[in-house]
Structure formats: C-alpha cells, structure tokens
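> Please find one structure pasted underneath; my questions will follow.
The values are calculated or read from the model by the stated rules, or taken from the named source; none is laboratory data. Keep in mind that this is a model prediction, so the values were computed, not measured. In this analysis, Cβ positions are derived from the backbone assuming ideal geometry, glycine residues included, and neighbour counts consider all displayed protein chains. Accessible surface is based on the protein model in full, side chains and every heavy atom, while ligands, DNA and RNA are left aside. Shrake-Rupley method; radii C 1.70, N 1.55, O 1.52, S 1.80 Å.
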Amino acid sequence: MYKNLFAIAALSASSSLFAATNPLSVHVLNQQNGLPAADVTVVLEAQQKNQWIEINQAKTDQNGRITALYPTQQQLKSGVYKVTFKTGDWYKAQKQSSFFPEVPVIFEVDGTLPHYHIPLLLSPYGYSTYRGS
C-alpha cells in the first residue's frame with residue numbers, strides 16, 4: 001500500500017513539476033462576472049514560411065488556465081507564435097452573444113525568457129491581454 005501511495009505521490013509531483021516548466025501558459029478571466037472562464041478552446045500555432053502551423057490545442061481548466069500549452073517534452077524555439085482563444089464557441093456554450101468569434105494573440109519568442117504567460121480578460125464586447133509572468 002505504501003508503495004502505491006509513494007508511486008502516486010511521485011507521479012503527481014513530476015506532473016506538477018513538468019507543468020511548471022512548460023514554457024507557455026494561458027489564463028482566461030470573464031470580466032463580466034469576475035470568474036475564470038473554463039472550457040475555452042485555445043489553439044497554438046507557429047509561423048513557418050509565412051504560414052501558420054498548428055502545434056497544439058487545449059481547453060482551459062476550471063480555473064480558466066492551461067498551464068502547459070506548448071507541446072510536451074519540446075524546447076520552446078525562437079519565432080513568431082499565435083495563440084487563438086475560441087471565444088465565440090465559448091460564448092455560444094454560455095448562451096450569450098459576443099462581438100468577437102475569436103481572439104488571436106500574436107507574439108514573438110526571442111529566447112531570453114524561460115516562460116511566457118498570456119492572460120486574456122474577456123467580456124462579450126471587449127478584451128484585454130498582456131505578457132504576464
């Protein structure tokens with residue numbers, strides 16, 4: 001029994017450690033009610049030769065977060081990336097209308113930072129984003 005508990009604890013710790021070391025995370029907050037926006041689909045793309053290539057996709061958790069958006073076990077490469085928050089789909093699921101069917105955030109990774117965090121503050125008719133930490 002103790003071996004099983006130790007194995008579960010070790011797996012949990014290693015998962016938390018890897019998520020903490022993933023180079024890209026996002027967070028979506030609903031400004032209308034001040035709560036996290038769970039189940040927002042987020043698409044990550046890399047720009048390659050004037051084209052956008054999808055490299056990952058995930059949904060926000062109950063806290064409105066995706067702690068590991070960059071593909072696992074890969075080092076973040078310098079370049080231009082786009083994170084697209086599928087806000088229109090999320091608002092439809094909430095039975096609300098929205099002016100923005102999606103929110104694309106294009107950013108450049110220059111290799112000087114080990115982690116990039118992109119928060120999105122969302123309302124039906126406006127949004128704000130910034131480079132977080």
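> So if each residue of separation counts as 0.36 nm, and I subtract the Cα-Cα distance between I53 and K82, what length gain in nm does that give?
9.5 nm
> Placing +1 on the Cβ of each Lys and Arg and -1 on the Cβ of each Asp and Glu in region 73-133, which of W90, Q75, Y130 has its Cα farthest towards the positive end of the resulting dipole?
W90
> Now a separate question. How large is the accessible surface of I55 in square angstrom, using a 1.4 angstrom probe and rounding to the nearest 10?
That residue has around 50 Å² of solvent-accessible surface.
> Over what distance in Å are the Cα centres of region 24-75 and region 79-128 separated?
A separation of 8 Å, based on Cα centres.
> Probe of 1.4 angstrom, ligands and nucleic acids ignored: what's the accessible area per residue over region 16-116, in square angstrom?
59
> If you don't mind, there's one more thing I want to ask. Using a 1.4 Å probe on the protein heavy atoms only, what accessible surface does D89 show? Give it in Å² to the nearest 10.
Estimated to the nearest 10 Å², D89 gives 100 Å².
> If you don't mind, another one. What full-extension length gain, to one decimal in nm, is calculated for D89 and L113 as 0.36 nm per residue of separation minus the Cα-Cα distance?
Length gained between D89 and L113: 5.4 nm.
> Let me ask something else about it. Between Q73 and Q96, what length in nm is gained on full extension when 0.36 nm per residue of separation is reduced by their alpha carbon distance?
That works out to 4.5 nm of additional length.
> Another question about this same structure. Heavy atoms only, 1.4 Å probe, whole protein assembly: order E108, E54, E102, E45 by accessible area, highest first.
I get E108, E54, E102, E45, largest accessible area first.
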